[in-house]
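Visitor: Following this message is one structure expressed as structure tokens.
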Amino acid sequence: MQKLHLMKLIFFLTSVIIGDVSAQQNNLSYAVAWKQTAAEHRALYYQGFNIARLRLEMALAREEEGKPLAIISDIDETLLLANDYWGYLISNEEDFFNDASWDQWVAENRFVPSPGSQEFLRFCETNNVEIFYVTNRDQGEATFDLAYSNLIANGFPVADREHLTVLRETSNKEEVQRSIMEDYNVVVMLGDNLNDFSRAYYLTNTEQRENLVNQKSSDFGSKFVIFPNPTDGHWIRAIFGESEPAATSENRRILRSAATRGAWQP
């Protein structure tokens, strides 16, 4: 019996060393399983777009003179979902974002529209509410054309190429947003990342981000509508100091430390 237990222990340790149990230990599994299967995930998108539509209906009902109405929306994980890509990482036994495979995946145009996004943007178009897309991506010289193609392929209305801004060198959207606001009354902004709304949230400290959200709590559901994204974003940067940390043992330790912050100690 002792020999059998010893053999099992040796097999387990060997498996850990060579990575045979990586699929069971993958950091992404819970988050991606939720994005792939949870009805709650869909419900949160419907809820977000319903709130955004309500804000527009209220603005349209006022019929005020002045600037035309508009919305500003992020693209990735707000309007377009990349669940297949995250599933690929897990099936390939990767547990951190991979920039090279992401660029390849984007070019294949495999995004799907988030629940409620198409209906909401059709409502905007029908009611003459201008739609501005602002995203930060970098797939080289083809970046803009890829983003444009991703939107069109999923049935999103793009009035013209001036309504799409793709930032390759920065994730700071404020300059573009201010420029739009000079000519339009932006009723609501949509995103999956606090940095989609204000650069003030571009912080590398989790507590500072939490405190700022507490201070600005009334903005959410009024000026800003945020969607769920448990796989990537600047919340990652607040933990690691960078948005795309390397797949290293040390970074896995850091992630585990973040996940067990305040863990119960019976």
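Visitor: Please enumerate the residues belonging to region 109-149 that are more than 23 Å from E63 (Cβ to Cβ) and among the hydrophobic types (A, V, I, L, M, F, W, C).
Guide: The initial filter retains those residues of region 109-149 that are more than 23 Å from E63 (Cβ to Cβ), namely 109-119, 133-149.
Listed by number, the residues that qualify are F111, V112, V134, A142, F144, L146, A147.
Visitor: With L164, L203, L190 as the choices, which residue is under 18 Å from the mean Cα position of the chain (by Cα), buried (at least 18 other Cβ atoms within 10 Å of the Cβ) and modelled with pLDDT under 95?
Guide: Values: L164 fails: modelled with pLDDT under 95; L190 fails: modelled with pLDDT under 95.
So the residue among L164, L203, L190 that is under 18 Å from the mean Cα position of the chain (by Cα), buried (at least 18 other Cβ atoms within 10 Å of the Cβ) and modelled with pLDDT under 95 is L203.
Visitor: Between a residue in region 99-120 that is over 18 Å from E40 (Cβ atoms) and touching a residue at least 60 places away in the same chain (Cβ under 8 Å) and any residue that is crowded, with 16+ Cβ neighbours inside 10 Å and of a type in the set (D, E, K, R), which pairs come within a Cβ distance under 9 Å, given they are 6 or more apart or on different chains?
Guide: Qualifying pairs under 9 Å: E119/R53; F120/R53.
Visitor: Here's another thing I want to ask about it. Among residues belonging to region 57-76 that are of a type in the set (D, E, K, R) and assigned to a helix (DSSP H, G or I), point out the one that is surrounded by the fewest Cβ atoms within 10 Å (Cβ to Cβ).
Guide: The selected residue is R62.
Visitor: Could you say which residue among L255, L203, L212 is free of Cβ contacts under 8 Å to residues at least 60 places away in the same chain and under 27 Å from D99 (Cβ atoms)? First the steps, then the outcome.
Guide: Details: L255 fails: free of Cβ contacts under 8 Å to residues at least 60 places away in the same chain; L212 fails: under 27 Å from D99 (Cβ atoms).
Of the residues listed, the single one that is free of Cβ contacts under 8 Å to residues at least 60 places away in the same chain and under 27 Å from D99 (Cβ atoms) is L203.
Visitor: Please state which one of R199, R237, R161 is of a type outside the set (A, V, I, L, M, F, W, C), within 30 Å of A107 (Cα to Cα) and touching an Asp or Glu at 6+ places or on another chain (Cβ under 7 Å).
Guide: After ruling out the rest, the residue left standing is R199.
Visitor: For region 99-121, name all the residues that are under 25 Å from T143 (Cα atoms), assigned to a helix (DSSP H, G or I) and not acidic (D, E).
Guide: A100, S101, W102, Q104, W105, V106, A107, S117, Q118, L121
Visitor: Do we find that E94 is among the charged types (D, E, K, R), within 27 Å of R168 (Cβ to Cβ), in contact (Cβ under 8 Å) with a residue 60 or more places away in the chain and surrounded by fewer than 20 Cβ atoms within 10 Å (Cβ to Cβ) in this structure? Write out each step before concluding.
Guide: Details: among the charged types (D, E, K, R): yes; within 27 Å of R168 (Cβ to Cβ): yes; in contact (Cβ under 8 Å) with a residue 60 or more places away in the chain: yes; surrounded by fewer than 20 Cβ atoms within 10 Å (Cβ to Cβ): yes.
The answer is yes for E94.
The values are calculated or read from the model by the stated rules, or taken from the named source; none is laboratory data. Computed from a predicted structure; not experimentally measured. Cβ sites come from the backbone with ideal geometry, for glycine too, and all protein chains shown count toward neighbours.
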